[in-house]
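**Student:** Pasting a structure here, questions to come.
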Amino acid sequence: MNDGILDDRRKALEEEFFAKQNQRLLRQLRETTDARAKVDALAAASGITDPAVLAQLAAIDLSSDTVAALSLVPLIEVAWADGSLDAREQTALLTAAEQAGLSKGSASHQLLEAWLKERPSPQVLATWKAYVAVLSATMDAQARQALKQDLLSRARTVAGAAGGFLGLGNRISNAEQAVLTELEQAFA
């Protein structure tokens with residue numbers, strides 16, 4: 001009789017063990033499937049097919065809904081160059097977002113608002129650089145130059161928004177100029 005009870009208990013423990021293993025494997029499969037779907041959506045939204053760049057985009061929690069905010073990373077970096085954002089820089093960034101088509105309340109706009117409150121990690125700029133490198137490789141020289149000039153022009157507008165003293169003097173600080181130079185080099 002004890003053998004029957006022990007045998008039943010053994011079977012119950014085995015079933016419990018395998019049920020937990022199955023749950024763990026199913027959870028891993030779902031996570032892998034979700035991650036793959038996220039990368040596929042990012043590829044569709046961004047036009048990027050390079051797996052390494054897509055992995056970087058996913059690593060900074062960009063989604064197909066927020067990839068549009070990536071175009072504003074250079075402007076954010078310039079604005080944060082001196083360690084803080086002032087009201088004029090924020091206004092310039094929000095104007096640039098509106099001009100880029102980021103509608104208020106959208107996921108991309110919400111991400112921008114988060115970046116206005118807290119400086120993004122250095123990984124965000126590194127990801128933008130990888131994105132620009134891949135994007136530039138798909139463009140002819142004229143289109144690449146036009147993109148570069150447009151981006152640097154918008155970044156300079158943000159950099160000059162709060163600079164100078166009483167509107168006089170050099171409106172772009174040394175820290176902002178260093179970021180502008182770094183952005184320009186991303187196109188090389």
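The numbers here are math on the coordinates, done by the rules we state, and not lab data. Every value quoted in this text rests on a predicted model; they were computed, and no experiment measured them. Virtual Cβ from ideal backbone geometry, glycine too; neighbours counted across all protein chains shown.
**Student:** Classify segment 51-149 as rounded, prolate or oblate from the Cα gyration tensor: take a ≥ b ≥ c as the square roots of its eigenvalues, call it rounded if a/c is under 1.5, otherwise prolate when a/b beats b/c and oblate if not.
**Tutor:** Prolate.
**Student:** Follow-up. With θ taken as phi - 60° and the coefficients 6.51, -1.76 and 1.60, list the Karplus ³J(HN,Hα) couplings across segment 139-145 in order, rounded to whole Hz; mark glycine and proline as x.
**Tutor:** These are the phi-based 3J(HN,Hα) values: 10, 7, 4, 5, 5, 4, 5 Hz.
**Student:** Also: With a cut-off of at most 14 other beta carbons within 10 Å, and DSSP calling the residue loop, which trypsin sites (Lys or Arg not before Pro) in segment 86-159 qualify? Please list them.
**Tutor:** Answer in residue order: LYS104.
**Student:** Could you pull out every one of the lysines with an alpha carbon less than 24 Å from that of LYS148, ignoring same-chain neighbours closer than 8 positions?
**Tutor:** LYS129
**Student:** Could you please rank LEU72, LEU85, LEU6, LEU94, placing first whichever residue has the fewest other Cβ atoms within 10 Å of its Cβ?
**Tutor:** By the 10 Å Cβ count, ascending, the order reads LEU6, LEU94, LEU85, LEU72.
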